Each structure stands twice: as structure tokens, then as C-alpha cells.
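Chemist: Pasting in a structure now, in C-alpha cells, and then I'll have a few things to ask.
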Amino acid sequence: MKGKKILLATVAVGALMLSGCAGGGAGGDGGEGDGGGGLIGVAMPTRSSERWIQDGDAVKAALEEQGYTVDLQYAEDDIPTQVSQIENMITKGAEALIVASIDGTTLTEVLDTAADSDIPVIAYDRLLRDTDSVSYYASFDNFLVGQQQAWSVLNGLGLTELDGTPIEGAPAGPFNIELFAGSLDDNNAFFFFNGAMDVLQPLIDDGTLVVKSGQTEIEQVATLRWEGEAAQSRMEDIVTANYSDGSTVNAILSPYDGISRGIISALTDAGYSVGEDWPIISGQDAEIDSVKAINSGEQYATIFKDTRELADVAVDMAVALLNDEEPETNNTTDYDNGVKVVPSFLLDPVIVVKDNINEVLVDSGYWTEEEVQG
Ligand code: BGC
């Protein structure tokens with residue numbers, strides 16, 4: 001029943017657009033429920049990182065284009081706020097929820113309330129853990145993201161190609177490397193770190209890479225809430241404790257651009273300079289300040305995950321479920337949330353270095369030429 005109504009609404013919106021009705025497209029200023037679709041709740045973790053703003057905007061636009069009304073909320077990394085935002089969405093009659101959690105384990109109760117009312121829940125980019133009340137998962141291949149971060153570091157050191165293929169006649173090292181991971185309450189942090197260590201551990205074992213701080217366990221290198229300031233102060237401590245003897249750190253595995261920016265500040269303060277003893281630093285998300293940092297040589301690489309594509313996948317999942325159809329998945333084995341394996345659709349991440357900024361980020365319309373040069 002419900003499904004049919006929405007299908008008809010979608011057809012109606014399509015017909016409107018086809019008939020050339022001015023202003024009928026995305027972002028049209030129609031009132032609530034204009035397209036006939038119901039309300040969909042979209043919960044995002046924080047506005048403090050650019051990527052989530054782009055995610056939220058893209059999800060909202062894609063849903064509105066299909067005639068839905070959207071309640072988009074940001075919780076500024078405060079867990080109780082996110083719980084009450086989702087409660088509100090349920091109270092307001094949301095027909096589906098798309099949730100990018102702050103802490104993937106803390107939403108069990110509110111998600112059970114959603115499940116009791118037959119509201120489908122899509123985990124957006126971050127897996128919702130320890131709950132049966134999640135229907136599907138839309139994300140990227142997060143293990144591959146970690147491998148790519150490691151390959152980008154090795155590429156910067158001249159050891160491998162960007163796809164991890166060893167370079168003949170590469171320098172023998174040893175190279176000093178320090179490791180950073182994301183927030184332990186985010187399932188992705190483990191996938192990124194495990195992917196990276198899958199690549200780096202053999203080189204640590206054979207002495208090509210040396211972690212002078214000795215900190216190689218995820219619990220030692222994690223960064224709560226992915227905060228740049230926390231990474232900055234850990235980097236300062238590492239430099240003081242391990243590199244005051246005249247040695248230099250040659251590479252840093254960083255899982256996220258905001259963390260990389262904290263690391264860059266710490267290194268600048270410690271007297272490192274670009275073009276001299278500056279280390280190779282990885283990243284993730286292609287945030288604009290970090291793309292500029294890649295242009296200026298402060299950061300070596302980032303991993304681009306197209307938030308527009310992710311938004312489309314999540315929206316397609318929600319709409320399929322509301323139409324009593326089965327969403328498309330391409331992974332039904334890897335994302336066990338502690339209660340069940342959540343059927344997933346994983347997109348492919350792309351490594352960005354100085355040479356392919358234009359090709360990957362500008363040509364695709366993600367950033368403009370001016371923004372990138374800025
Ligand atoms: C996302 C990354 C992001 C990080 C910090 C992770 O869950 O997958 O893209 O860098 O959160 O926001």
C-alpha cells in the first residue's frame with residue numbers, strides 16, 4: 001500500500017520534471033510533503049567535519065528529488081543529543097531513518113523503538129553495532145581505504161606504486177614511521193587500521209619501517225572522536241619523547257584529514273619544514289583544506305570517498321525498503337555488527353595525490369579549480 005503511493009508520487013514528480021515545470025527539480029521550494037512522499041529522518045554526527053555537511057546535503061537533496069520530506073539533524077558529536085534527535089524523528093512519524101552514528105554502540109534502545117514501529121534503518125557510512133534493528137549498511141570498502149592509506153605512505157617514501165606494487169631499486173630504508181588511528185567507538189577505525197597494518201606490518205617486521213615510539217596497537221594510537229587537537233598533542237609528545245636525538249620522523253599514517261592537519265601543526269611547531277625534512281602524511285576525505293595542503297606539499301595524499309555516490313546508495317536503499325523492494329547489496333559477509341551480518345553496499349575509495357587532484361576532484365565536480373587552488 002504505502003509502497004505504491006510512493007511509487008506513484010515518484011512517477012508524478014518525474015512527470016512534472018519532464019513537462020518542464022520550472023523549479024520542479026531538487027531543492028524546489030515546495031512545502032512539506034509536496035511530492036507526496038513521507039518524512040525521512042537523517043541523523044549526522046557533526047558539522048565540525050566538512051564531509052558530513054556534504055553527506056547531509058547530498059542525502060537531503062536526493063530524498064527531496066524523490067518527493068520526500070527530510071528531517072536532517074546534526075548532533076555535534078554529543079551522543080545524548082543524537083539519541084534524542086532520533087527519538088524526535090520517530091515521534092514526528094519518520095517512515096525511514098538514515099543514521100551516521102557518533103558511537104555505533106549507543107543507539108540500541110532508540111533503534112529498537114524504530115524497529116517496533118517497523119521503521120527501516122540504514123546505517124550510513126558507520127556501522128550501527130550491537131543491534132538487530134538495522135536493516136542495511138551503505139559505506140565504502142573500509143579495509144581497502146586503510147590499505148590505500150598505507151600504500152600512499154609507501155609511495156611517498158618511494159617504496160611502492162600507489163596500488164602497492166613494489167618499486168624496483170627502491171631505497172632500503174629504514175624509515176621512521178608513526179601511526180595514528182581513528183575513534184575506537186567507530187567501527188570504521190578498525191577496518192582502516194587493520195587494512196593499513198595488513199600492508200605495513202610486514203615492513204615493520206623486516207625492519208624497513210621503524211616505529212620509534214613503539215606504539216603499534218590500535219588502543220595506543222587511536223584518536224577519540226577523530227579530533228585534530230588530540231592528534232596534535234599526541235604528535236607533539238611523540239616528537240619530544242622519540243625524536244629529540246637528532247633523528248627525524250619520515251612518515252605518518254593518518255586515517256583522516258582533520259587528524260593530518262593536527263599532525264601538520266605539531267610538526268611545524270617542532271621545526272620540520274616542507275622541502276627539507278618534512279614527512280610523508282596520509283589522510284582521508286579530500287577535505288578542501290587538506291587538498292590545498294596536498295598542493296602545497298604538507299600532506300602527501302588523501303582518500304577520496306564521493307559523498308554524492310554514498311548518499312545515492314543510502315537513499316536508494318531507504319526508498320527500496322519503503323516500496324517493499326530489496327535494496328541492492330554487494331557485500332553480505334564482512335560487516336558483522338555483533339548481533340548479525342548487516343547486508344551492505346560498499347563503494348570504491350580513490351587515492352588522491354598532487355598529480356591527480358584535477359582528474360579526480362575537479363573533473364568530477366566535487367571541488368572547483370578555484371577552491372582547490374585557493
Ligand atoms: C568515516 C571517515 C571520516 C571519519 C571521521 C569515519 O567513520 O568513514 O570518512 O574521516 O569517520 O569523520
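Chemist: I need the calculated FRET efficiency for the pair Lys92 and Val341, taking r as the beta carbon distance and R₀ as 30 Å, to the nearest 0.05. Could you put the intermediate results ahead of the total?
Modeler: On the way: r = 31 Å, r/R0 = 1.04.
FRET efficiency, Lys92 to Val341: 0.45.
Chemist: How much of the DSSP bridge set in segment 35-193 is antiparallel, in percent, rounded to the nearest 5? Before the final figure, lay out the partial values.
Modeler: On the way: 1 of 17 bridges.
DSSP beta bridges in segment 35-193 are roughly 5 percent antiparallel.
Chemist: Sticking with this structure for a sec: Given the DSSP H assignment, sum -39500 (n - 2.57) over each helix run of at least 4 residues in the chain and divide by its residue total; what's the result at 222 nm in deg cm²/dmol, nearest 500? Spell out each step's value before the answer.
Modeler: Details: 12 runs with 150 residues, N = 374.
Estimated from H runs of four or more residues: -12500 deg cm²/dmol.
Chemist: Using only the alpha-carbon atoms, how far is helix 307-322 inclined from the longest principal axis of the chain? Give it as 0 to 90 degrees, nearest 10.
Modeler: 30
Chemist: Expected output is a single nm value to one decimal: the length gained when fully extending between Glu276 and Leu224, i.e. 0.36 nm times separation in residues minus the C-alpha distance. What is it? Each step should come with its number before you reach the end.
Modeler: Details: separation 52, 0.36 × 52 = 18.72 nm, distance 3.13 nm.
Computed gain between Glu276 and Leu224 is 15.6 nm.
Chemist: Could I ask something else about it? I need Asp277, Asp118 ordered by Cβ neighbour count within 10 Å, fewest first. Please report the intermediate quantities before stating the final value.
Modeler: Details: Asp277 12, Asp118 8.
In increasing order of surrounding Cβ atoms, one gets Asp118, Asp277.
Chemist: If you wrap segment 142-304's Cα atoms in a convex hull and average its projection over all directions, what's the area in nm²?
Modeler: On the way: hull surface 34.1 nm².
Convex hull of Cα atoms, orientation-averaged projection: 8.5 nm².
Chemist: Any chance you could give the angle, 0 to 90 degrees and rounded to 10, that helix 228-242 forms with the longest Cα principal axis of the chain?
Modeler: 20
Chemist: Normalised radius of gyration for the chain, please: alpha carbon Rg relative to 2.2 N^0.38 Å, two decimal places. Provide the component values of the computation, followed by the final result.
Modeler: Numbers: Rg = 22.0 Å, N = 374, 2.2 N^0.38 = 20.9 Å.
Working it through for the chain, the quotient is 1.05.
Chemist: Efficiency by 1/(1 + (r/R0)^6): what FRET value for Ser84 and Glu370, r their Cβ-Cβ distance, R0 = 45 Å, to the nearest 0.05?
Modeler: Values: r = 40 Å, r/R0 = 0.89.
E between Ser84 and Glu370, to the nearest 0.05, is 0.65.
Chemist: Taking K and R as +1 and D and E as -1, what net charge do the other residues with C-beta under 10 Å from the C-beta of Asp185 add up to? Can you show the working numbers first?
Modeler: On the way: positive: Arg126, Arg129, Arg225; negative: Asp103, Asp186.
Result for the local shell: +1.
Chemist: Does segment 298-346 come out rounded, prolate or oblate by the C-alpha gyration tensor, with a ≥ b ≥ c the root eigenvalues, rounded set by a/c under 1.5 and, if not, prolate when a/b is larger than b/c and oblate if not?
Modeler: Values: a/c = 3.44, a/b = 1.52, b/c = 2.26.
Cα axes put segment 298-346 in the oblate bin.
Chemist: Another question about this same structure. Could you derive backbone 3J(HN,Hα) for segment 69-75 from the dihedral phi with the Karplus parameters 6.51, -1.76 and 1.60 (θ = phi - 60°), listing whole Hz in sequence and x where the residue is Gly or Pro?
Modeler: 9, 10, 10, 9, 10, 10, 10
Chemist: Please rank Trp151, Trp52, fewest neighbouring Cβ atoms within 10 Å first, as an exposure proxy. Working shown, then result.
Modeler: On the way: Trp151 25, Trp52 19.
So the ranking, lowest neighbour count to highest, is Trp52, Trp151.
Chemist: Further question on the same structure: Which links in Lys60/Lys92; Lys305/Lys340; Lys60/Lys305; Lys212/Lys292 stretch past 20 Å when you go from one Cα to the other?
Modeler: Numbers: Lys60/Lys92 17 Å; Lys305/Lys340 26 Å; Lys60/Lys305 18 Å; Lys212/Lys292 29 Å.
In this structure, Lys305/Lys340; Lys212/Lys292 exceed 20 Å between Cα atoms.
Chemist: Using the Karplus equation 6.51 cos²θ - 1.76 cosθ + 1.60 (θ = phi - 60°), what ³J(HN,Hα) coupling, rounded to whole Hz, does each residue of segment 176-181 give in order, writing x for Gly and Pro?
Modeler: 7, 10, 10, 10, 10, 10
Chemist: I'd like the orientation of helix 142-156 relative to the chain: the angle between its Cα long axis and the longest Cα principal axis, in ° from 0 to 90, rounded to 10.
Modeler: 30
Values in this text are rule-based calculations from the coordinates and carry no lab data. All of these numbers come straight from a predicted model, not from anything done at the bench. Neighbour counts run over all protein chains shown; Cβ positions are idealised from the backbone, glycine included.
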